[in-house]
Each structure stands twice: as C-alpha cells, then as structure tokens.
Amino acid sequence: MENSFIKALAEIVGAEYTLSDPESLACYGYDSTPELQSRPGVVVLPKSTEEIARVLALCDGSGIRVTPRGSGTNLSGGSISFDAGVVLQTSRMNRILEIDEENLTATVETGVITSALHREVEAKGLFYPPDPGSMNISTMGGNVAENSGGLRGLKYGVTDDYVMGLKTVLANGDILKTGGKVVKDVAGYNLNQLLVSSEGTLGIFSEVTVKLIPKPQTKKTMLVHFPQLEQAALTVSHIIAARIIPATLEFLDRTTIKCVEDYAKVGLPLDVDAVLLIEVDGHPAQVEEDAAGIRDICERHHCSFFQTAASPEEALKLATARRVALSALARVRPTTILEDATVPRSCIAPMVKLIQDTAKKYDLLIGTFGHAGDGNLHPTCLTDERNPDEIKRAHQAFGEIFEATIAMGGTITGEHGVGVAKKKYLPKLVGESGLRVMRGIKGAFDPKGILNPGKIF
Amino acid sequence: MDYVKLINCMRCGMCLPHCPTYKETFLETASPRGRVALVRKFQEGELVESEKFLEYVSLCLDCQACASACPCGVNAGELVAEFRCERKNEKGLSFMEDMVLRKLVPHPDRLEAATAPLRLYQKTGLQKVVRSLGLLKMFPEALGRMEGLLPKLPDAPLRQTISEVTPAVGKEKGTAGFFLGCVMSLIFSEASLATVNLLSALGYKVVTPKDQKCCGAPNMLGHDIEGLKDAARFNTDLFESHDLDFVVTDCGGCGAELKKYGHHLDGEEGATTFSAKVRDISEVLAGEAGALKELLKPLPVKVTYHDPCHIAHCQGIRSQPRTIINLIPGIDFRELPEADACCGSAGTYNIEKPEMSDRVLSRKVLNVQKTGADYLVTSNPGCLLQLKKALSEATPPVKVIHLTELLQMSMDA
C-alpha cells in the first residue's frame, strides 16, 4: 500500500484510526471463520457517513478495494480482505439515533451492537427480535449485510423482516437512502430487501432503521428428551401443524448432548437421541394453552422427559444445555468448524441422520444443534487445523452435506452468508441465471468492483 | 508457552464486549482475541517483538474478563501475562525490579519500614501542605499519581498489632488461618480487623501467622515467576505447619494468587492442598448466612457492589457478596451496570498506563453515579485505592468501603 494513499486516508479519518503497522494488519487478517486469513493493506475506522463516503470516493478513484467489517464475527470469511486492500471497520459509529415510539421504529448507526439495541428498546417495553448467537458483539450493519437470524427466527423472522430503511454509501461515495418509516412503500424496486444480505458487495451501510414490535407479556420454557430422533423431528412438525408457533424450538443431537454433559453436568441423559428446548411467548392465556398443547404432542411422541420451568431462574437453568452447546463442542478439539445447513423443517430427521452418517463415513466428530423450528441446523465439526488429512475429510464431508441440503430443497447457508467459504456451492443452488442476475446487480451498484471483491460469487 | 492454548482461540469475538481496552478503543489489537493472535504470530515467527508489539501486549489490564466470556476456555489475559513472564525470564530483571520484587516486597518488615515515612508525612500535616500548594505537580508524574491515591493510613500495620490467635466467640466451630495481604495490612487494616471480628463472632478461632510474606502477586505483575514461586513455597509451608480448617483472605488479589499456588508450583502436593483450603471471606460468610444474619442490625443505606476482577473473573465469586449485602436489614442494594468491568487499577497499571486507566475508571465512575448509591462496596485493595480517590472527587461523592467494613457498620448500628 502506497504511503501517499495511507496519508490521504489518515486525512479523512485521522491518523489514530488509520492502521498500517504489521501488528494491526495481522489482527485484521482474520474474522471468526476457521482456516481463513489474509492481511489487509490498511485499516480505517471512520466516525461518520461523510467519512465513509470520502474513503470510498478515494478508493474508487484509485481502484483500491474495500472490505467492510463490523466486529469481525463473520463465519464465511466475508470480512477478510483477500487482496491486501482496505478494511473499513464501522465500530466507532455506535450511536442509537432514535427510538420512535409512535412509528415503532429504531434508527441506529451501523456499528451499534445488536444487544445494545435490545436493551434500549426493551427498557421501553418494545422488542427487536433478531438474536444471532453473536448478538453481544455483532453490529447492526453486519446483521443487515448477512441477514442474521437467531433463536427467535421461527416465530419472529430474521433481520430482513425488520429492516425498514437504510442509508448506504455506494462505491463511488454517493449516498443512497432507501425505505424509511412507512409500512407500505411500493415506489420502484425494493432496494432495501436487495441490500439486505448483500455481504458488503453493493454498498456500506451507515444507518439502519428497523421495525419494533411490542414486547411479549410473558413466556414459558420447556425442556424435552426424546429417545428417538425421528420422534423428536415429528414432534417439531406436529407442533407447527397444530398451529402453535413457539418463539424458540431448539434441538441438540446425541453428540452435542454428550459434550454438553461432559462440560456443564446439567443432568442430561446420555442415552437419548435428541433434546428439544421449546419456548412459547405472548399473552398469558395463549402461552398457557400453547404450553399444554405442546406437552400433549411431546407425550404422544414418546418423550422420556418433559419439564416446564416454574420460574425465570428455572427457565434459565433449562436453557443452559442449549446456551452452552457451542462452548461445550468448541472445547473438545482446537478447531471448530460451525456450519449452517438449512432444510425445510419437514426434513430435519433425514438431515440429522445424513450428517451423522457422513461423520461416520469420514471418521469425524460432528455435533449438530440448532434451530429445528426453522430447519436451520448447525453441524459443528470438531477438528484440529494441524491435521491436514482430517481437515480435508471435513471439507469432503461438508461438500456432501451441502449437496444433500440442496437436494432436499434447502440452502447452503441459513444465516452465516456465502462469503468465500460457501462460494463454490452457490452455482449449484442458484444456477447460471441466478448468478447472471446477481452479477448484473453487482455491476449496477459497483461498476469498478471495489466493494468486498471475491465474495458470494 | 503451550501452543495448543493459543490455537484453542476460535476467534469468535465473544471476549470483545467484555474487554475494557477494546470498549475504549474498538481496536482489534486492544482486544483479547487480538492479543492471542499477536502472541501466536510471534510464536509462529510472523511478528517480531517491536515497540508497537510490546505496546499492544502491555495494554492488557489482565483483568481476565475475557476468560469469563470465552466459550472455549481460553484465558487471553493469563496467556499474555505468561508470555510476558517468559520474555522477562529470558531477559532477566532490571536493577529496580530486583530491588522491589526480590529485596523489598517479600520482606514485610522492610515493606512496613518503607511506608513508615508516609505515615509521618500524613501525621505531621506535610501531606496537607504539599497538596494545598499544588507541590505534587513538581513530582514526576508516576510519583504524583501514587501520592494522590494514598488514603489516610492507620497508626500501625495490622500485622504488628493483631494477636497471632484470636479466640472464637462462643462455641468453637473450627480454626481459620488468616492471610493478611500487604496492602490490606498496611493501609486497610480496619477492614481486615472487621474480617477477623466476623470470623471470631461466627465461632471460628483465627490464626494469623506473623511471619507470612507477600502472596507473590506483585512478582506476577512484574513477570518475575521465580520470585512468585519463592513466595508460594514459603507461605505454603508456613500455613501448612498450623492445623487449619481453611485459610481466609479479604484481599481479592491475594485470594486469586493463593488459589493458584498449586498451579504455579506445578502441582506440588503441599501447595495443591494449601490452595484448596483458601477462601475469600465472602465465600465463608455466604456459607454462614443464617448465623451472620443474627449478628446484623438495620442499616438503611443505599449501596452498590463493584466486582473486583480478582474476585469475579479469577475466582468466579459473584453471587456471594451480593447475598451477604442483602442479609443486612433495611439495606437498599442497587446493582451496578457493568459491575464486573475492571476499574482500571489493575495492580500497577494505573501508574504505568495512566491514560487508559483513567478512561476505564471514568466509565466505572459514571456507572456508579447511575445507581445513586451512597456507598460503593468492594473487596480488593487495588480497587479500594483507585475508587476511593475517584469517587471522593465525584459529585455527589460516594463512600468506598470493603465488604467487611459494611458488615461491621451493620453489627455496630
């Protein structure tokens, strides 16, 4: 990276927030994706929309590529610069600009932490449902760019169900405003929805306006054990078929149960195929009725254990197994490959079975947990990056798992994004016409191709 | 350094929102994940120990909030400290470090003698003159900061005035060893006296061996692992020579270090047995909640509690102090936002890195003010020093006291 260019960046964002020493570049060469690393040429942390615009105009003029980054929790390599370009970190733009209680919207700067928004709106009796696993550090801009989901996706949807307006800086530094606070808006193409999950390839968000809903009055938490996987899967389908939509319907498989029990000793039996964590929320009368209905369905499907939390403390205790699932798995081996294969919920049982068979075939340790209610599973391979043979087998196994996912009518990524990690699977999923349309859109937004190059396709 | 400990970090970023220096800077190099990456890349030969490298690594407060947050059990704070110890071991101690860590700190009598002039400085009224004339500005910055932190000293260190055996009140339940802690004995002797009173009132005979030495935490801070091991061997032998049911300390820093003697001495049998006997005073008191409640009288004050890093993150003690405070009849306890975030004291960090320490401290002061409390309760001398000064200057001022002082107030009410 030329000194004159670094100097020009420093004039925009300040020398303190323009980093080019080898130590800093090493620390911005990774995100949360296993195995992937590449040092950027320079890192900038702008403080305002205007600073982002000036940085992008400068880069566009010089043909230098830019990769946006929030807190670097991306799981598909999306926030890594692979061609020694500029990494633009948005964390300093962290103001909640407005919580509009009349229109039920919140407008935030792009670097606001998701759980910080949760706290602010919940203090006003409002609710912003998307709750990705990284919500304590993930940024709102990153959530929009990746269309993050979370545990509450089944009932409440994911990030794109809440994005109402965006302020986006385009590649040449122009500022694009889309949507706003209106519920109905059919003026032209729905650019908001197009920008959601664009993974930093179409523009860099500087402000986000999201929809808020009233906070549910009450909730009930249940923990259920199933000796047989098929019965657990049928229970999930039948709960939905009974017109009950739980806020949370989470699943742990046998391997995960064993790891959780080894780590946290929460009293899970080791001879069951599946554990479900179910949470219903809403009006107290509805919650009672739903919980009773769920109990009935679980019992009809031969659950071996059913417990309803009697207090918020007990609810927390019941949720422990699910909450610590990733920790428990991650501790087993040095390297953790966390995937997000997603199938229609009717295919949960065959999918989990297929993952288990594939793990056996390739002699791998894969624990599966995840959001059974919306079919979004997290097969998690526990491995060691120092063992190239095992890593190779892990990639082969995931190749087969993703092929099966596509064959079942599912998708290669439910919430982590394509980035570079899933790039090779995308053509199979969207076909040649899908790729052509995506490339056309990319060209319309970013003709010189400076924004997060090499990601998605 | 064990390489596996470094590659166990899966770079998920869960530590970032808990790291005081990341919260202030938003820089990856100032985050636990970044520091692990730096040390790893140094080990892999990708980075050298440049000035910047050392600057980034030394910005760590070693508060270990990252360890509490890490899903895969990586303790970034400890890894960085270990790394710095290893580097120090290769380079050796400087003359000053040798003077302080080997010739002063391990000798309580020398330490007490060294602080005697300070007592005189306060007693003669010289401190008042120095402060009112603004003479502190003439001191080197670090010395000026140290002087500013100094609260009123007791007439004599507790080690000199306490009797070796304090009998139990009523029927004797057991024998507790009491580990004094240098700063507690030298500066906060009233709190430690309250600790001994409480143990005695609850039916424990308290043995306070007079020969005990510094726990070795300053050696760890100075990255002098050999000095730390000397302290660990000495104190283990001394306390193990008494017949004790458990060993109590009211200093978070000492407690964390004493509990790790077994680890520091590579699992030597005596040290492991000793470490397993160590209790923070709050652990003992929470276990005696019923009896303790009987001793407490109404104290209608507004209090909040700051979790010292060495108590919450290093020892995992969070609920016990809160349980105890809530035993006091009429108390108005208010939870402190970000209660377990470091106050910026962090051993000698507030002297070595004043700018970052002040930023971390300001955040703590703002949070304390949000609670509207009259008293901030905590249980580590470093936090007491740092917060007493900052909160006495805040508007309105907030009184800062040790947990056992609050209980003594309630007993005396």
Original post:
Plugging the Kirkwood radius over Cα pairs into Stokes-Einstein for the protein assembly as shown, at a temperature of 4 °C and a viscosity of 1.567 mPa s, what D comes out in µm²/s?
Top reply: 44
Original post:
Which length gain, in nm to one decimal place, applies between A:E313 and A:R439 when the Cα-Cα distance is subtracted from 0.36 nm times their residue separation?
Top reply: 40.3 nm
**OP:** Give the peptides A:160-169, B:395-404 in descending order of average Cβ contacts within 10 Å, highest first.
**Re:** A:160-169, B:395-404
**OP:** Report the FRET efficiency, 1/(1 + (r/R0)^6), for B:A289 and B:E147, where r is their Cβ-Cβ distance and R0 is 41 Å, rounded to 0.05.
**Re:** 0.50
Subject >> Alpha carbon Rg of the stretch A:3-89, scaled by the compact-globule rule 2.2 N^0.38 Å >> reply: 1.01
Subject >> Convex hull (Cα only) mean projected area of the stretch B:158-284, reported in nm² to one decimal >> reply: 7.0
Subject >> Approximate shape of the stretch B:292-412 as ellipsoid semi-axes (Cα gyration tensor, √5λ), whole Å, largest first >> reply: 25, 15, 12
Original post:
Cα extents of chain A along the three principal axes, largest first, in whole Å?
Top reply: 69, 58, 42
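Averaging sequence separations of C-alpha pairs under 8 Å and six or more residues apart, then dividing by the length of chain B, give the relative contact order as a whole percent.
Rounded, it is 15 percent for chain B.
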Subject >> 17 Å cut-off, amide nitrogen to a point 7 angstrom out along A:E16 Cα→Cβ, residues in the stretch B:335-365 >> reply: B:353-363
**OP:** Take the Cα pairs of the stretch B:248-340, get the Kirkwood Rh, then feed it into Stokes-Einstein at 25 °C and 0.890 mPa s and tell me D in µm²/s.
**Re:** 170
**OP:** Could you estimate the translational diffusion coefficient of the stretch B:214-258 from the Stokes-Einstein equation, with Rh from the Kirkwood formula over C-alpha pairs, at 37 °C and 0.692 mPa s, in whole µm²/s?
**Re:** 297
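Using a 10 Å cut-off around each Cβ of peptide B:34-41, what is the average number of partner chain Cβ atoms that fall inside? Show your work: numbers first, answer last.
Numbers: counts 7, 1, 1, 7, 4, 0, 1, 6.
Counting Cβ atoms of other protein chains within 10 Å of each residue's Cβ and averaging gives 3.
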Subject >> Relative packing of peptides A:291-304, A:357-370 - highest average C-beta neighbours within 10 Å first >> reply: A:357-370, A:291-304
**OP:** Mind pulling the per residue volume of the convex hull built on the Cα atoms of the stretch A:366-416? Å³ is fine.
**Re:** 74
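If you wrap a convex hull around the alpha carbons of the stretch A:70-162, what volume per residue comes out, as a whole number of Å³?
Working: hull volume 8.9 nm³, N = 93.
Hull volume normalised by residue count: 95 Å³.
Stretch A:D174-A:S48 to full length: gain in nm at 0.36 nm per residue minus the Cα-Cα span? Before the final figure, lay out the partial values.
Working: separation 126, 0.36 × 126 = 45.36 nm, distance 1.39 nm.
Full-extension gain reported as 44.0 nm.
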Original post:
Among B:F179, B:F42, which comes first, second and so on when ranked by fewest other beta-carbon atoms within 10 Å?
Top reply: B:F42, B:F179
**OP:** Just need the relative contact order of the stretch A:3-89 here, percent rounded to a whole number, with Cα pairs under 8 Å and 6+ apart.
**Re:** 34
Subject >> Distance between modelled label sites at B:L118 and A:K392, nm, 7 Å Cα→Cβ extension >> reply: 6.4
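What average number of partner chain Cβ atoms lie no more than 10 Å from the Cβ of the residues making up A:68-78? Each step should come with its number before you reach the end.
Values: counts 0, 1, 1, 8, 8, 6, 1, 1, 0, 0, 0.
The mean count of partner-chain Cβ atoms within 10 Å per residue comes to 2.
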Original post:
Given the pairs A:K181/A:K211; A:K258/A:K360; B:K293/B:K364, which span a C-alpha to C-alpha distance of over 20 angstrom in this model?
Top reply: B:K293/B:K364
Original post:
Label points 7 Å out from Cα along the Cβ direction at A:E432 and B:S392: separation in nm?
Top reply: 8.1
Original post:
Per q in 0.17 1/Å, what log10 I(q)/I(0) does a Debye calculation on the alpha-carbon atoms of the stretch B:282-333 return?
Top reply: -0.54
**OP:** Find the Cα radius of gyration of chain B, compare it with 2.2 N^0.38 Å by division, and give the number to two decimals.
**Re:** 0.97
Subject >> Segment B:S241-B:R110, length gained on full extension (0.36 nm per residue, minus Cα span) >> reply: 44.7 nm
Original post:
PRE reach from A:K353 (point 7 Å along Cα→Cβ): which of the stretch A:213-243 fall under 11 Å by backbone N?
Top reply: A:229-231
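Please compute the average number of Cβ atoms from other chains found within 10 Å of each residue's Cβ in peptide A:24-36.
Across A:24-36, the average partner-chain Cβ count within 10 Å equals 5.
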Original post:
When only Cα pairs under 8 Å and 6 or more residues apart are kept, what is the percent relative contact order across chain A?
Top reply: 15
Original post:
Cα centroids of the stretch B:69-85 and the stretch A:294-365: how far apart, whole angstrom?
Top reply: 30
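Every number in this text was worked out from the coordinates using simple rules, so none of it is lab data. Predicted, not measured: the structure shown is a model, and the values here were computed from it. Backbone-built Cβ (ideal geometry, glycine too); neighbour counts: all protein chains shown.
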